[in-house]
Amino acid sequence: MNIEGELKLVLNYQWYDMIYAHIKGDEYRQPTPYWIKRIFARMEPFAPDGERGPFRLTDKECEDLAANIDKLHAYVESGYLVPLHDVVTFQRAYTKNPPRMTWIIKGITVGTGRPEWGAKEGSVYIVIALEELIDSKN
């Protein structure tokens, strides 16, 4: 569901190169209010004005979800929270004219990641699963 256009993320050389080489298939973000607000929208089945949504999350909602990861997980699994983006563009570090690549997002979940892909053992992340490379400027 491409509500907000593409999600843009800057990666260090190691993770960028692994994704570009099709070795790393997920990207991780901490479930902080900042990332929750950038990645998810709220889907209201029956909003007061008759619209279904999706709607941007408020700062308070993002803070509440970051403090209650089980609730965040449940909302994502149930479809109450939906991704704002269906594509992600990665930039390789902060350099002049950096390489960039754009991927279709397969899905966004809340869960643990793979240590070999940068996740800390036992930590919970917003997991952005990648499906297909659709553009690269390397």
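Quick notes on this structure:
- With respect to the conditions (1) at positive phi; (2) in contact with a Leu (Cβ under 6 Å, 6 or more places away or on another chain), HIS22 lacks only one, and its number is (2).
- Number of residues in the range 102-130 that are closer than 13 Å to ILE19 by Cβ and surrounded by 15 or more Cβ atoms within 10 Å (Cβ to Cβ) equals 7.
- Filtered residues of the range 89-135 (kept if in contact with a helix residue (DSSP H, G or I) (Cβ under 9 Å, 6 or more places away or on another chain) and within 17 Å of GLY5 (Cα to Cα)): PHE90, GLN91, MET101, TRP103, ILE108, ILE128, LEU130, LEU133
- Qualifying residue in the range 73-82 (condition: touching an Asp or Glu at 6+ places or on another chain (Cβ under 6 Å) and surrounded by 14 or more Cβ atoms within 10 Å (Cβ to Cβ)): no
- Filtering the range 97-138 to residues that are among the β-branched types (Val, Ile, Thr) and within 17 Å of the chain's Cα centre (by Cα) leaves THR102, ILE104, ILE105, ILE108, THR109, VAL110, THR112, VAL124, ILE126, VAL127, ILE128.
- LYS8 vs. criteria touching a helix residue (DSSP H, G or I) at 6+ places or on another chain (Cβ under 6 Å), within 17 Å of ILE108 (Cβ to Cβ) and either at pLDDT 95 or above or outside any loop (DSSP other than H, G, I, E, B) (or both): no
- Answer residue from the range 15-43, given it is assigned to a loop (DSSP other than H, G, I, E, B) and surrounded by 12 or more Cβ atoms within 10 Å (Cβ to Cβ) and is modelled with the lowest pLDDT among those: MET43
- Residue match in the range 44-56 (condition: aromatic (Phe, Trp, Tyr), part of a loop (DSSP other than H, G, I, E, B) and either under 21 Å from VAL10 (Cβ atoms) or more than 11 Å from the chain's Cα centre (by Cα) (or both)): yes
- Only residues that are at pLDDT below 95 and of a type in the set (A, V, I, L, M) were counted across the range 85-131, and they come to 1.
- The range 1-19, residues that are touching a Phe, Trp or Tyr at 6+ places or on another chain (Cβ under 8 Å) and among the aromatic types (Phe, Trp, Tyr): TRP15, TYR16
Each row is one residue, and each column tells you yes or no for (1) closer than 19 Å to LYS8 by Cα; (2) in a helix (DSSP H, G or I); (3) free of Cβ contacts under 8 Å to residues at least 12 places away in the same chain.
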site	(1), (2), (3)
LYS60	no, yes, yes
LEU65	no, yes, no
HIS85	yes, no, no
LYS96	yes, no, yes
THR102	yes, no, no
GLY107	yes, no, no
ALA119	no, no, no
VAL127	yes, no, no
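The values are calculated or read from the model by the stated rules, or taken from the named source; none is laboratory data. Not measured: the values here are computed from a predicted model. Cβ coordinates were reconstructed from backbone atoms using ideal geometry, including for glycine residues, and neighbour counts include every protein chain displayed.
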